[in-house]
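The values are calculated or read from the model by the stated rules, or taken from the named source; none is laboratory data. Note that the structure is predicted; figures quoted are calculated from it, not measured. Counting neighbours? That spans all protein chains shown, and the Cβs are built from the backbone with ideal geometry, glycine included.
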Amino acid sequence: MNKKVLITLRNIEEYICGNNFHVSKNMIVSPVARDYLKGRNIKLSYNEINVNEEVSLGDKIKIILEKEFNVVETKKVNRIIKNVEEMIKNGN
């Protein structure tokens, strides 16, 4: 059973990727959160990520962790992103 994540003004910043907000199958976006995104001109995306789209490495990792591994806890995601970026920087 997949746990649904309610997106509200409290947690919305954790899921914004640049000017995009990828809505996965396990998300419920509140009307207030939708209005917030609209006010900031952030595009909602309900389909697969376009690989040609300019997205940062951190955002790509965040999307993969959420979509493929159901990892959404901010501290854990940020720690993984930091570790990957350090490994790339060090040539590992």
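For the condition in contact (Cβ under 8 Å) with a residue 12 or more places away in the chain, touching a Phe, Trp or Tyr at 6+ places or on another chain (Cβ under 9 Å) and of a type in the set (S, T, N, Q), what is the one hit in 45, 56? Even if it seems obvious, please write down each step before you answer.
Working: 56 fails: touching a Phe, Trp or Tyr at 6+ places or on another chain (Cβ under 9 Å).
Every option except 45 fails the conditions.
From the list 63, 42, exactly one residue is at pLDDT 80 or above and either more than 22 Å from residue 87 (Cα to Cα) or surrounded by fewer than 12 Cβ atoms within 10 Å (Cβ to Cβ) (or both). Which is it?
Values: 63 fails: either more than 22 Å from residue 87 (Cα to Cα) or surrounded by fewer than 12 Cβ atoms within 10 Å (Cβ to Cβ) (or both).
Result of the check over 63, 42: 42.
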